[in-house]
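Remarks on the structure that follows.
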Amino acid sequence: MITIKEAKFLTSATRLADCPPPDLMEVVFLGRSNVGKSTFINLILEKNLAKSSSTPGKTQLINFFGTTWERQESGEIFSIRFVDLPGFGYAKVSKDTKKKWEKHLWEFLNKRISIKLFIHLIDARHTGLGIDNDVSSMLANIARADQRILDIYTKFDKLKKNEQHIFYQKGCLVASNNDKIIDKRFGGKTKIQEIILNGVLGIDTN
Ligand SMILES: Nc1nc2c(ncn2[C@@H]2O[C@H](COP(=O)(O)OP(=O)(O)OP(=O)(O)O)[C@@H](O)[C@H]2O)c(=O)[nH]1
Ligand SMILES: [Mg+2]
């Protein structure tokens, strides 16, 4: 069992050079624009910290959140930074702006040495999109031996029961901002927190 002892906004940056020193283990959340990255961060941290919106393109900066986790069983304390990123593929900006953002984003993902875990959020209703396949292969290319990649399917509440069943059968990690749904079959927020902490620490759970 895990308790989030503290979670607070730290700072924002537009590119790697503006980021805080890479002195703490970091988890980055990436995925298509509007997939639910900021909402998921708030769900995990049990606080409304990351700004979410029904309008795509809400997050336009690299946002850092400082968090402190306690593992109840052992009393161990961990300081972990969460990083909320702008979404990929946001259409309503000029081509040049989009290119510049994505260049900064990949430079950050590629060179930020403190990243321990990449969490790739994918809309459960739209799996197998080209843009998500590209993100997956880019991540597989850049990930070092001390870094993990985790795929989590969001907006699970929008699926029909039989569609949800397929995800459970495959053992996929799923999420919804309606926590009751993940709780029922999956172990809910508590289990995802456990998986994230183990991912950051490089501990294999299965
Ligand atoms: N039904 C449902 N809606 C969700 C879920 N997660 C997020 N949303 C909604 O989806 C919209 C986008 O959520 P955000 O968290 O802002 O998405 P984002 O990926 O951070 O978006 P950008 O910052 O624009 O890239 C909001 O209206 C959320 O309320 C979910 O699990 N279920
Ligand atoms: Mg966002």
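Within the stretch 4-106, report the GluC sites (Glu not before Pro) that DSSP leaves as loop and that have at most 14 other Cβ atoms within 10 Å.
Taking the stretch 4-106 and a limit of 14 other Cβ atoms within 10 Å, the loop GluC sites (Glu not before Pro) found are E46, E73.
Note: relative contact order over the chain, using C-alpha pairs below 8 Å and six or more positions apart, is 24 percent. Need one word for the stretch 126-206: rounded, prolate or oblate. Basis is the Cα gyration tensor (sqrt eigenvalues a ≥ b ≥ c); a/c below 1.5 gives rounded, then a/b vs b/c decides. Verdict is oblate for the stretch 126-206. Is the shape of the stretch 60-206 best called rounded, prolate or oblate, per the rule: a/c under 1.5 gives rounded, else a/b larger than b/c gives prolate, else oblate, with a ≥ b ≥ c the square roots of the Cα gyration tensor eigenvalues? It comes out oblate by the Cα gyration axes.
What is the magnitude of the charge dipole of the chain about its Cα centre, with +1 placed on the Cβ of each Lys and Arg, -1 on the Cβ of each Asp and Glu, and no other charges, expressed in debye to the nearest 20?
740 debye
Taking amide hydrogens as placed 1.01 Å from N in the peptide plane, the amide H of Q60 sits under 5 Å from that of no residue at least 5 positions away in sequence or on another chain. Within the shell defined by Cβ-Cβ distances under 13 Å, the residues around E107 carry a net charge of +4, with Lys and Arg each +1 and Asp and Glu each -1.
Our coupling estimate for the stretch 149-165, obtained by passing each phi through the Karplus curve with A = 6.51, B = -1.76, C = 1.60 and θ = phi - 60°, is 10, 10, 9, 10, 8, 9, 6, 4, 5, 7, 8, 6, 4, 5, 6, 4, 4 Hz, Gly and Pro reported as x. Straight-line reach only, C-alpha to C-alpha below 18 angstrom: list the aspartates and glutamates that K160 could link to, leaving out same-chain residues fewer than 8 apart. Result set, ordered by chain and number: D123, D179, D183.
Read-outs throughout are calculated quantities, based only on the coordinates presented, and are distinct from any laboratory measurement. Worth saying up front: this structure is predicted, and the values here are computed from it rather than measured. Methodologically, a virtual Cβ is constructed for each residue, glycine included, from the backbone with ideal geometry; neighbour enumeration extends over all protein chains shown.
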